[in-house]
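Note sheet for the following structure.
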Amino acid sequence: METIRVALEPAYSIHVGRGLLADIGKFINVESRRVLVVTDSNVAPLHLRALLSRLIVLPGIRSLGSITLKAGESRKRLPAIQKIYTAADRQTLGRGDLLIALGGGVIGDMTAFAAATWCRGIGCVQVPTTLLSMVDSSVGGKTGVDFKDRKNSVGAFYQPEAVVIDVDFLNTLPSRQLSNGMAEVIKHAAIKDVGLFGLVMAEEPDFVNIILRSLRVKAEVVERDPKEKGERALLNFGHTFGHAIEAHYHYRKYLHGEAISIGMMLVSPSPELRQALELWNLPTQAPGLKLDTLTDLVFKDKKNSRGVLRLIRVPEVGRAVIEELDEAAVRGLVAKLSADNEAASGGTP
Ligand SMILES: NC(=O)c1ccc[n+]([C@@H]2O[C@H](COP(=O)([O-])OP(=O)(O)OC[C@H]3O[C@@H](n4cnc5c(N)ncnc54)[C@H](O)[C@@H]3O)[C@@H](O)[C@H]2O)c1
């Protein structure tokens, strides 16, 4: 088991290893606290009972409850938050009590948002169960829900008390979801850690080390820029076009990581990057995609202020740069990318 300390205000620890669920009491403080576990309808039948049975025997725990929400991004909305509030109210959770998120990024983002707002802030522990949530969403304190057609538009920055990553949860994760998380790992390797690339390309992937190294990249960036005022934008490599691709297909065709994979290749088409993405069965281009339409969408994105786009590019694997481009420059870039794409695919659109 390894622990990474995240030096934010307040600081917290991320514990990573196999079989950590059995020892959950070592990593979280339940003394004199009411504890409510939030999970989803796919994770509950697989892992909820195991977590609850470990928690109920911990000395000093005041009460233990759980709520299972319907799984899926389409449920990441305010009505689900109200369901968490209702369960918290029923269990009379107050300021000193604790919510535990057992699930992927959807459950993690919603549980942390409910924790940030219930009684103006109660404790929150993340127990992520997807690769994406292990390497990305459980760390950094971004929480929230979708509103109308805007992803994550209602939310808050709120740090967890602890993150407990039991890598064994990956044993039940469908392979498409594993690849989805690997897109974020490859992004972390591309922007800051060439060594992580070797681990990603290994025949027998060592997930404990992949997750640890990936988390170190994220934690380092987030520590320096907790509220996304500067360097944290590096984590958006691939996301500018990725978000637009997801939105263009109404979040149905591509998973987040798949859209990011295409987005990374669009702005930094290096052969190494392509090899890593293809090894993990991630798409590197979107057949039939009109890049001009995407540019329109990109300028509607909430991150692009005053017609200036902050685009993250990776000139060489392991090093990222932030470029500020106006709309005309982006359209020029897109036209070039479009021509390059056509040339690469032998002239087919
Ligand atoms: N807060 C952040 O910084 C941040 C960063 C990246 C993404 N996100 C958010 O994360 C969400 C995506 O997270 P995700 O990819 O984990 O999606 P998810 O939570 O929807 O999980 C994907 C699917 O896997 C299932 N699942 C989860 N764990 C499982 C397991 N161990 N075994 C079997 N099935 C399992 C879930 O029920 C779901 O069907 C998005 O809403 C995105 O906005 C947040």
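Throughout, read-outs are computed from the coordinates displayed, never taken from laboratory work. Since we're looking at a predicted model, the values are computed, not measured. Cβ: placed from backbone, ideal geometry, glycine included. Neighbour counts: every protein chain shown.
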Could you state the angle between the C-alpha long axis of helix 175-192 and the longest principal axis of the C-alpha atoms of the chain, as a value from 0 to 90 degrees rounded to the nearest 10?
70
Between Tyr249 and Leu325, what FRET efficiency follows from the Cβ-Cβ distance if R0 is 25 Å, with the result rounded to 0.05?
0.55
Give the residue from Pro59, Ala286, Leu170 lying farthest towards the positive end of the charge dipole for the chain; charges sit on Cβ (+1 for Lys and Arg, -1 for Asp and Glu) and the dipole is referred to the Cα centre.
Pro59
Please compute the volume of the convex hull spanned by the alpha-carbon atoms of the chain and report it per residue in Å³.
124
Please label the shape of the range 183-275 as rounded, prolate or oblate, based on the square roots a ≥ b ≥ c of the eigenvalues of the alpha-carbon gyration tensor (a/c under 1.5 means rounded; beyond that, a/b larger than b/c means prolate, else oblate).
oblate
Expected output is a single nm value to one decimal: the length gained when fully extending between Glu2 and Ser41, i.e. 0.36 nm times separation in residues minus the C-alpha distance. What is it?
11.1 nm
Rank the residues His188, His243 as a footprinting-exposure proxy: fewest other Cβ atoms within 10 Å of their Cβ go first.
His243, His188
Estimated distance in nm for a label pair at Ser270 and Ala339, the labels positioned 7 Å out from Cα along Cα-to-Cβ:
2.4
Put +1 on the Cβ of each Lys and Arg and -1 on the Cβ of each Asp and Glu in the chain; which of Ile262, Leu102, Leu337 then has its Cα farthest toward the positive end of the dipole?
Leu102
Between helix 105-117 and the chain, what is the angle of the helix's C-alpha long axis to the longest principal axis, kept within 0 to 90° and rounded to the nearest 10?
60
On a 0 to 90 degree scale, rounded to 10, what angle separates helix 78-90 from the longest Cα axis of the chain?
10
Extension gain Gln285-Ala50, at 0.36 nm per residue separation less the Cα-Cα distance, in nm?
80.5 nm
Scan the chain and hand back the longest stretch that contains none of the GluC sites (Glu not before Pro) lying in DSSP loops with at most 16 other Cβ atoms within 10 Å.
32-202
Using DSSP to define loop residues, name the trypsin sites (Lys or Arg not before Pro) in the range 124-169 whose beta-carbon has at most 15 other beta-carbon atoms within 10 Å.
Lys148
How far apart, in nm, are two points set 7 Å out from the Cα along the Cα-to-Cβ line at Lys227 and at Asn171?
4.4
I need the phi-derived Karplus couplings for the range 284-292: 6.51 cos²θ - 1.76 cosθ + 1.60, θ = phi - 60°, integer Hz, Gly and Pro marked x.
10, 8, 10, x, x, 6, 8, 5, 5
Dipole magnitude of the chain about its Cα centre (Cβ charges: Lys, Arg +1; Asp, Glu -1), debye to nearest 20:
1220
Ranking of Ser13, Ser66, Ser179, Ser74 by count of other Cβ atoms within 10 Å, fewest first:
Ser74, Ser13, Ser66, Ser179
Would you work out if the range 1-129 is rounded, prolate or oblate? Take a ≥ b ≥ c from the square roots of the eigenvalues of the alpha-carbon gyration tensor; rounded if a/c is under 1.5, else prolate when a/b is larger than b/c, oblate otherwise.
rounded
Just from its helices, what would the mean residue ellipticity at 222 nm be for the chain, if runs of 4 or more DSSP H residues each count -39500 (n - 2.57) and the sum is divided by every residue, rounded to the nearest 500 deg cm²/dmol?
-12500 deg cm²/dmol
Rounding to the nearest 20 debye, state how big the charge dipole of the range 97-159 is about its Cα centre with +1 on each Lys and Arg Cβ and -1 on each Asp and Glu Cβ.
160
